[in-house]
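Notes for the one structure printed next.
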Amino acid sequence: MPSLRNAWRLPGFALLLLLVAGPAAAHPEDEFCVPGEGGLDPALCEALSQLDSARPGGALTTPLVAPDGLQRSAVSTAILYVSIGIRHILPGGLDHILFVLALFLAARRNRDLVLQISAFTLAHTATLALAAAGVVSPPASIVEPLIAGTIAFVAVENIGFAELTRWRVGVVFLFGLVHGLGFAGFFGDLGLPAGQFWSALIGFNLGVEIGQLAVVAAAYLAVAGLRHWLPGWASVTAYRRRVVIPLSAAIALTGAFWTVERILSATA
């Protein structure tokens, strides 16, 4: 596997397209049950539709059923929620995608990337579990602007510091706690099948991890592949000047815009 230190040649056109094409509100409603658009299986969509008016506190009052009409097993429910978690990130979670890409841009070594992603994963897993269990329940009007602010912060730090700072992993952990609350908000809105809380929670969290690791893998493969096409960008200095700084600036501006937009929306 090529070293990240020697593979930094990504021109970033894919991220620029993402920034241009992405909606201004980075947390759109996830429409999994739109007919003809490859959404979730009909059994889940029917269950959510039938029980939407009868799920106090976001919990489905009866277990989900499989396409054969039988009650879903814990494993079947977990697999179903893995799919939901993946789709919440790809393509529904543009803000989370940009945050992970900002972490990727800051990492000059494999170790840097692993430390940041591990801290982020540990943190958002913890708050997702706590929020889903009802231990903490901050309003979305606070969480969503904070998520946007975390994106702007890490991107600005990418511009200001060429090397990973001593406090970066701790900052990423704190920001991961915030992102976990965002995941929990969607997870709670979707609904929890009766008697299968843990299988749904574990499945959803695993799906989120698969989604964010797919983002990292795609960025890594783009770097490794394009290194051969752009020999003039071989040095770390050239990569930072032509890719890290411009893309981090674009991410920072996007995060700042979303922060202001969400604050205004919450106070309107």
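What the table below lists for this structure:
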| quantity | calculated |
| --- | --- |
| Residue within the range 143-156 that is modelled with pLDDT under 95 and among the small types (Gly, Ala, Ser) present | no |
| Test: Val171 is surrounded by fewer than 24 Cβ atoms within 10 Å (Cβ to Cβ), under 29 Å from Leu264 (Cα atoms) and out of contact with any helix residue (DSSP H, G or I) (no Cβ under 7 Å at 6 or more places or on another chain) | yes |
| In the range 103-128, residue farthest from Arg166 (Cα to Cα) [restricted to those that are surrounded by fewer than 19 Cβ atoms within 10 Å (Cβ to Cβ) and among the small types (Gly, Ala, Ser)] | Ala126 |
| Entirely in the range 116-235, the helices (runs of 4 or more DSSP H) that have 1 or more residues that are of a type in the set (S, T, N, Q) and within 15 Å of Ile86 (Cα to Cα) | 197-226 |
| Residue match in the range 209-228 (condition: crowded, with 16+ Cβ neighbours inside 10 Å, in contact with a Ser or Thr (Cβ under 9 Å, 6 or more places away or on another chain), among the charged types (D, E, K, R) and without any contact (Cβ under 8 Å) to a residue 60 or more places away in the chain) | no |
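Per-residue answers, yes or no, for (1) within 24 Å of Val114 (Cβ to Cβ); (2) more than 19 Å from the chain's Cα centre (by Cα); (3) among the polar types (S, T, N, Q):
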| position | (1), (2), (3) |
| --- | --- |
| Leu164 | yes, yes, no |
| Gly180 | yes, no, no |
| Phe197 | no, yes, no |
| Leu201 | no, no, no |
| Val215 | yes, no, no |
| Tyr220 | yes, no, no |
| Ser265 | no, yes, yes |
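The values are calculated or read from the model by the stated rules, or taken from the named source; none is laboratory data. Here the structure is a predicted model, which is why all the values come from computation and not from measurement. As a convention, Cβ positions derive from the backbone with ideal geometry for all residues, glycine included, and neighbour counts pool all protein chains shown.
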